[in-house]
Amino acid sequence: MTKYWIVCMLIPFFILSLTSCGDNSVSVVAQPTIEKEDTPRVIAHRGANEWYNESTITAYKIAADSGVDSLEIDLRMTKDGELIAMHDETIDRTTNGKGKVSDYTLEEIKSFQTLESDNSKVITEEIPTLKEIIETFHDSQRYYIETRLVNGKLAMEEKLIQLLEEYQLLDKNLVTIQSFSEESLLKIKELAPHTELALLFRKESFSLKKANEVDFPIIGIESADVTQKIVNELHKQGKEVHVYFTNKQTQKEEQERVMEYQVDGYFTDYIHFTKEILAI
């Protein structure tokens with residue numbers, strides 16, 4: 001063995017001895033990245049909302065044509081118990097109407113239009129039901145569905161599972177269900193034990209202890225709360241980390257940051273950008 005290779009082999013040990021020597025010395029070691037072989041999931045947040053009215057059939061079609069892994073769908077329940085795609089509690093922000101979803105019947109909801117301004121042209125499209133979305137794509141897409149309590153109560157879970165079973169989407173492992181409500185996820189688990197579930201944590205409320213303890217395979221975290229240590233710890237527990245972004249202005253920068261931590265999923269508003277940085 002040459003002197004050159006001997007020196008190269010000894011250098012790491014020399015550096016280690018320097019960082020550990022001296023009285024009361026403390027060495028700070030950066031968290032190493034735990035490499036993962038699987039390609040991260042690209043999840044179309046409310047469809048391709050960068051280009052079209054969020055949570056509409058057209059937005060989901062554009063997302064599907066862009067080659068995403070899953071279509072993300074936020075559920076709300078109408079007064080007469082129908083499930084629609086709508087993020088907000090009210091229809092004020094995204095439609096030409098006002099008021100809470102739960103105060104309207106489906107027929108009344110269908111009288112409103114989603115709105116999006118495209119320069120001088122206003123694009124309108126009706127609010128879709130979950131059933132209409134599924135009937136559009138059937139088993140050609142994966143669905144990433146968010147449940148929530150309705151007026152503080154479990155209400156949509158049985159209806160949701162019945163619909164998914166009707167189209168055999170659970171049998172084909174085409175559905176992930178996420179929620180900020182652990183109660184809702186436990187109800188889903190009772191109704192459909194083999195469904196992939198994701199527990200969401202609100203921004204600035206993440207608890208690593210709770211995330212490690214819950215019996216759900218996926219943990220959803222707002223990007224600002226994501227660190228290498230958190231990702232490593234959850235990976236050690238066999239859990240995936242899926243990241244969502246509440247600030248569109250910093251989202252691209254944040255996607256590049258968390259990419260370095262080997263996170264497992266991106267709820268993206270910028271599909272092409274996400275696929276580009278992931279080289280997929």
Shape category assigned to the chain from the gyration tensor of Cα positions, a/c cut at 1.5: prolate
The range 124-258: C-alpha gyration tensor shape, a/c 1.5 cut-off, then a/b vs b/c: prolate
Whole-Å distance, taken between Cα centres, linking the range 230-250 and the range 136-183: 22 Å
Contact order relative to length of the range 193-280, as percent, for alpha carbon pairs under 8 angstrom and 6 or more apart: 24 percent
Beta bridge orientation in the chain: antiparallel %, DSSP, nearest 5: 30 percent
Calculated FRET efficiency for the pair residue 79/residue 236, C-beta based, R₀ 30 Å, to 0.05: 0.10
Förster-model FRET efficiency, 30 Å R0, residue 209 and residue 189, C-beta, rounded to 0.05: 0.90
Of 187/236; 209/236; 131/248; 239/275; 100/131; 189/210, pairs whose Cα-Cα distance is over 24 Å: 187/236; 131/248
Helix-only mean residue ellipticity at 222 nm for the chain, each DSSP H run of n ≥ 4 adding -39500 (n - 2.57), per residue, nearest 500: -9500 deg cm²/dmol
Only Lys, Arg (+1) and Asp, Glu (-1) charged, at Cβ; the chain dipole about Cα centre in debye: 700 debye
Surface share of carbon and sulfur [accessible, 1.4 angstrom probe, percent] for the range 175-242: 47 percent
Rounded to the nearest 20 debye, dipole of the range 144-280 from Cβ charges on Lys, Arg, Asp, Glu: 220 debye
Heavy-atom accessible area per residue - the chain, 1.4 Å, Å²: 53 Å²
Whole-angstrom gap from the range 214-229 to the range 76-112, using each part's C-alpha centre: 30 Å
Whether the range 79-181 is rounded, prolate or oblate, judged on the alpha carbon gyration tensor where a/c under 1.5 counts as rounded: oblate
Mean separation of Cα contacts under 8 Å, 6 or more apart, over the residue count of the range 113-255: relative contact order %: 15 percent
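The values are calculated or read from the model by the stated rules, or taken from the named source; none is laboratory data. Since this is a predicted model, take the numbers as computed values, not measurements. Every residue, glycine among them, receives a Cβ derived from its backbone with ideal geometry; neighbour counts consider all protein chains shown. Just the protein is used for accessible areas: all its heavy atoms, side chains included, with ligands, DNA and RNA removed. Shrake-Rupley method; radii C 1.70, N 1.55, O 1.52, S 1.80 Å.
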